[in-house]
Amino acid sequence: MLRNRVRRSCCPAEAAVEMMGGKWKPRLLALLGEGTLRFGELERRLPQVSRKVLVEQLRELEADGLVHRQVYPVLPPRVEYSLEPRGRRALPLLCGLRAFGLEVMAASQPDQLAG
């Protein structure tokens with residue numbers, strides 16, 4: 001089920017950016033593109049993000065159908081995250097954005113990226 005902000009978008013590109021945009025969502029999608037990860041591993045791989053923000057971002061990705069959350073009924077709780085098919089389809093878009101970002105950064109800071 002899509003979040004209301006995504007459903008209200010009148011532009012398809014705006015809807016896609018709303019789903020994948022933000023500081024941490026692209027990184028989360030890229031990490032999950034490498035394979036299924038437990039919550040603790042995501043925390044370790046993204047030490048700059050607080051637990052609260054990480055949970056919020058993962059919940060939004062799950063609500064938008066990009067990420068699957070699997071909870072195992074064990075103690076301590078075990079939660080794994082993986083990409084849904086829609087999330088896999090988003091990976092080439094992220095690669096394109098990364099390439100575009102590298103071009104922009106290289107153009108704005110040619111001396112720093114050349115070395």
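Since every read-out is calculated from the coordinates, none of them should be taken as a lab result. These figures come from a predicted structure and were not determined experimentally. Here Cβ is always computed from backbone atoms with ideal geometry, including for glycine, and neighbour counts include all displayed protein chains.
Between the residues 61, 72, 49, the greatest Cα displacement towards the positive end of the dipole of the stretch 4-109, with unit charges on the Cβ of Lys, Arg, Asp and Glu, is found for 72. Rounded to the nearest 20 debye, the dipole size of the chain about its Cα centre is 380 debye, using +1 on the Cβ of Lys and Arg and -1 on the Cβ of Asp and Glu.
Where does each of 84, 60, 103 land when they are ranked from fewest to most other beta-carbon atoms within 10 angstrom? Numbers along the way, then the final one.
Working: 84 17, 60 21, 103 10.
Fewest-to-most ranking of 84, 60, 103: 103, 84, 60.
By its C-alpha gyration tensor, with a ≥ b ≥ c as the square roots of the eigenvalues, how is the chain shaped: rounded for a/c under 1.5, else prolate for a/b larger than b/c, else oblate? Verdict is oblate for the chain.
What order do you get for 71-80, 11-20, 46-55 when each peptide is scored by the mean count of other beta carbon atoms within 10 Å, highest first?
11-20, 46-55, 71-80
Close amide H pairs (under 5 Å, H built 1.01 Å from N) link residue 68 with 82, 83, 84, residues at least 5 positions away or on another chain. Only helical runs count toward this figure. For the chain, summing -39,500 (n - 2.57) over DSSP H runs of n ≥ 4 and dividing by all residues gives -18000 deg cm²/dmol at 222 nm. Residue by residue, the stretch 30-41 carries 3J(HN,Hα) couplings of 5, 4, 6, x, 7, x, 5, 9, 7, 4, x, 5 Hz when phi is fed to the Karplus relation 6.51 cos²θ - 1.76 cosθ + 1.60 (θ = phi - 60°); x denotes Gly or Pro. Phi-derived couplings, Karplus 6.51 cos²θ - 1.76 cosθ + 1.60 at θ = phi - 60°, listed residue by residue for the stretch 71-85: 9, 9, x, 10, 10, x, x, 10, 10, 10, 10, 8, 7, 7, x Hz, with x used for Gly and Pro. Helix 51-63 and the long axis of the chain differ in direction by around 90°, with both axes built from C-alpha atoms.
Residues whose amide H comes within less than 5 Å of that of residue 78, counting only those at least five positions distant or on another chain, are 72 (H built at 1.01 Å from N in the peptide plane). Picking from 35, 20, 91, whose Cα lies most toward the positive end of the charge dipole for the stretch 20-115 (charges on Cβ: Lys, Arg +1; Asp, Glu -1)? The residue sitting farthest along the positive end of the dipole is 35.
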